[in-house]
Amino acid sequence: MKLYAMTGGATGIGAALREQLQRAGDQVISIDIKEGDIIADLSTSSGRDSALAAVRERATDGLDGFIACAGLPPVAPPRTIAAVNYFGAVDLATGLQDLLGKRRGTVLLVSSNSAPMTQTTHPLVQAFLAGDEAAALAAAEGEHGQTVYSGSKCALVLWMRRNVVAWAKAGVRVNAVAPGITLTPLADQVFKDPELGDLMRQFGASVPWGEAAQPDQIANVMRFMLSDEADFVCGSVFFVDGGSDAMLRSDGF
Ligand code: NAD
């Protein structure tokens with residue numbers, strides 16, 4: 001039996017993964033703003049600190065994994081997208097590194113197949129990576145929600161790649177999953193948006209292998225990435241998107 005901490009386990013992909021892990025006999029400490037073992041608002045540093053303290057109380061012997069699933073869609077306020085999607089993931093992972101190292105644990109970040117849609121050199125991405133939250137949130141303020149969303153997901157992958165060596169030395173392997181459109185409450189909010197809804201439907205119609213995923217299809221891959229069977233998977237991004245990223249970036253990898 002393994003012990004995991006995760007954010008965003010109340011609904012969608014996170015709920016599917018939490019249920020799969022629990023069905024397999026693992027324990028999951030679920031942190032969420034809505035419902036879970038620990039209620040915390042990850043858009044604020046005080047919320048993240050209280051979440052970390054509460055996890056540490058429950059995991060004194062270490063953690064086998066941490067999954068950063070909480071996220072907000074491109075239709076949310078840009079500052080809040082930036083705070084939850086990037087700092088809610090990176091700050092929690094960093095605050096749990098020692099507990100993960102105790103068990104040669106693993107971190108799984110949830111990026112998106114939209115991550116490559118923002119350039120790695122974009123000032124917002126660079127502001128995330130500089131780790132100055134006030135500056136990053138100020139940079140997010142003037143941007144379209146879609147840019148902040150994909151920028152936050154791009155920055156998560158770069159953060160992982162830049163830190164993979166140090167984290168491996170600390171006994172923790174870090175990976176990211178990059179889902180395509182998945183039928184969750186987050187996607188519902190985008191489908192209902194007057195500006196982005198039609199674009200998302202058109203994008204869905206272009207997916208080479210089916211239009212959209214069910215949350216369990218993403219969770220299946222995440223569960224594998226967390227497992228001992230994936231013990232040599234380190235610093236990888238798994239696109240689980242029905243072939244969209246390969247279609248859009250057929251000359252890149
Ligand atoms: P979802 O809305 O069902 O789940 C998001 C979870 O995050 C919810 O449980 C929500 O309560 C929690 N959350 C939101 N704000 C929070 C806050 N301030 N503090 C704590 N918890 C908070 O959506 P989902 O689609 O399952 O999203 C899960 C992850 O997958 C997100 O990171 C999302 O960006 C990513 N993703 C989703 C899709 C998609 O099409 N659904 C595609 C690519 C990536």
Quiz item: Which angle from 0 to 90°, rounded to the nearest 10, does the C-alpha axis of helix 45-58 make with the longest principal axis of the chain?
Solution: 40
Quiz item: Which one of V90, V233, V157 has the biggest mean-square fluctuation once the chain is modelled by GNM with Cα springs under 10 Å?
Solution: V233
Quiz prompt | Top positive-direction residue, dipole computed over region 102-253 with Cβ charges, set G142, S236, N220 | solution = S236
Quiz prompt | Assigned charges on the beta-carbon of Lys, Arg, Asp, Glu; the chain dipole about Cα centre (debye) | solution = 560
Self-check item: 3J(HN,Hα) from dihedral phi, region 179-190, Karplus parametrisation 6.51/-1.76/1.60, rounded to Hz, x for glycine, proline
Solution: x, x, 4, 10, 7, 9, x, 4, 5, 4, 5, 6
Practice problem: Specify the residue with the greatest mean-square fluctuation among K192, K102, K153, computed from a Gaussian network of the chain linking alpha-carbon atoms under 10 Å apart. | Solution: K192
Self-check item: Long-range tail of P(r) for region 121-182 (Cα pairs > 15 Å, %)
Solution: 55
Self-check item: Diffusion constant of region 128-253 at 4 °C, which comes from Stokes-Einstein with the Kirkwood Cα-pair radius and 1.567 mPa s, µm²/s
Solution: 79
Practice problem: Exposed loop GluC sites (Glu not before Pro) only (DSSP loop, at most 16 other Cβ atoms within 10 Å): please give the longest stretch of the chain free of them, not including the sites. | Solution: 36-194
Quiz item: Can you give the alpha-carbon Rg of the chain over 2.2 N^0.38 Å, where N counts its residues?
Solution: 0.93
Self-check item: Least to most buried among R18, R223 (fewest other Cβ within 10 Å first)
Solution: R223, R18
Exercise. Taking a cut-off of 21 Å between Cα atoms, list the lysines near K169, but don't count ones fewer than 8 places away on the same chain.
Key: K102
Self-check item: Other-chain or far-sequence residues with amide H under 5 Å of T182's (modelled H)
Solution: A213
Self-check item: Positive dipole terminus of region 27-176, leading residue within L52, L109, V172 (C-beta point charges)
Solution: V172
Quiz item: Using Cα atoms only, what is the angle between the long axis of helix 145-169 and the major principal axis of the chain, expressed in degrees (0 to 90) to the nearest 10?
Solution: 30
Practice problem: Just subtract the alpha-carbon distance of Q214 and T120 from 0.36 nm times their residue separation and send over the number in nm, one decimal. | Solution: 30.9 nm
Practice problem: Would you work out the charge dipole size for region 105-253 about its Cα centre, treating the Cβ of every Lys and Arg as +1 and the Cβ of every Asp and Glu as -1, and quote it to the nearest 20 debye? | Solution: 420
Quiz item: Hey, what number do you get for the chain at 222 nm if only DSSP H runs of n ≥ 4 count, each worth -39500 (n - 2.57), divided across all residues, to the nearest 500?
Solution: -14000 deg cm²/dmol
Quiz item: Roughly how tilted is helix 215-226, in degrees to the nearest 10 and between 0 and 90, from the longest Cα axis of the chain?
Solution: 40
Quiz item: Got a sec? How would I181, I39 order by Cβ neighbour count within 10 Å, fewest to most?
Solution: I39, I181
Self-check item: Cα-centre dipole for region 45-141 with unit charges at Cβ (Lys and Arg positive, Asp and Glu negative), debye to 20
Solution: 240
Self-check item: Sequence-separation-based contact order of region 32-127, relative, with Cα cut under 8 Å and 6+ spacing, percent
Solution: 29
Self-check item: Along principal axes, Cα extents of region 24-77, largest first, whole Å
Solution: 38, 27, 17
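Bear in mind that the values in this text are calculations on the coordinates, not laboratory data. Fair warning: this is a prediction, and the values are worked out from it, not measured in the lab. Positions of Cβ are generated from backbone atoms using ideal geometry, with glycine treated the same way; all protein chains shown enter the neighbour counts.
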